[in-house]
Ligand SMILES: [Zn+2]
Ligand SMILES: [Zn+2]
């Protein structure tokens, strides 16, 4: 298995309240990959072949690449892809039969996600990291099960604390959301949303919706 790109110190750096550290590391890694593709790989023959075979990136990563990109790398990549597509039409070649291969960046995300789940599980062995998690840390619902599975597999002594703390955090979000609904009732119209409730409705989607469900 490949070594993790990040260490537990990096994990500590992204251990922030209300944000899943595994999602954070996957995103950081993707940003690094995009930067590498921009400046080092555009002219690389293997990279270009994979880009063409995969019919570009998935929609999510196409937009990420666009946001970080410039006119030249877009011209190089999309000139190549457009030429392939136009040739197919003008030479009346049948539509591509085989399914496009996986988006390069999605494939990287799947690999790094597995590494960071393991990194997080091992990271709980470090007192400082565990303390940060047990304070206001959270993992998203999508990563909760695989982390738990990993903790059980390595016979971690922190399984119960991990479950208890994570559920307590989710129950507090559940309470905030219920309060927002209650205060919306005209009988309670004079009650204002608390800062915590305002914070919770803005963050909850990132914790409940799989942040990797764009992957192909
Ligand atoms: Zn996550
Ligand atoms: Zn993708």
Measure nothing but the geometry: give the 0 to 90° angle between the long axis through the Cα atoms of 71-90 and the longest principal axis through the Cα atoms of the chain, rounded to 10°. 60
Below 8 Å between Cα atoms, with a sequence gap of 6+, how large is the relative contact order for the chain in percent? 30
Taking the chain and counting helices only, DSSP H stretches of n ≥ 4 at -39,500 (n - 2.57) each over all residues, the nearest-500 ellipticity at 222 nm comes to -22000 deg cm²/dmol
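Tell me whether region 70-200 comes out rounded, prolate or oblate; compute the Cα gyration tensor, take square roots of the eigenvalues as a ≥ b ≥ c, and use a/c under 1.5 as the rounded threshold. Let's see the in-between values first.
Working: a/c = 3.18, a/b = 1.62, b/c = 1.95.
Oblate, since a/c reaches 1.5 and b/c is not below a/b.
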For the Cα atoms of the chain, what angle does the longest principal axis make with the long axis of helix 104-123, in degrees from 0 to 90, nearest 10? 30
How far apart, in nm, are two points set 7 Å out from the Cα along the Cα-to-Cβ line at residue 189 and at residue 87? 6.7
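Sort 46, 176, 161 by Cβ crowding within 10 Å, fewest neighbours at the top.
On the way: 46 8, 176 19, 161 15.
Neighbour counts put them in this order, fewest first: 46, 161, 176.
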Taking only Cα atoms, what is the 0 to 90° angle, nearest 10, from helix 195-208's long axis to the longest principal axis of the chain? 50
Going from the fewest other Cβ atoms within 10 Å to the most, one would list 113, 67, 191 as 67, 191, 113
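Would you mind ranking 54, 172 so that the residue whose beta carbon has the fewest other beta carbons within 10 Å leads the list?
Values: 54 19, 172 14.
The most exposed by this proxy come first: 172, 54.
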Spacing of the two label points (7 Å from each Cα toward its C-beta) at residue 149 and residue 68, in nm: 2.8
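Bear in mind that the values in this text are calculations on the coordinates, not laboratory data. Since this is a predicted model, take the numbers as computed values, not measurements. Neighbour counts are summed over all protein chains in view; Cβ atoms, including those assigned to glycine, are modelled from backbone coordinates with ideal geometry.
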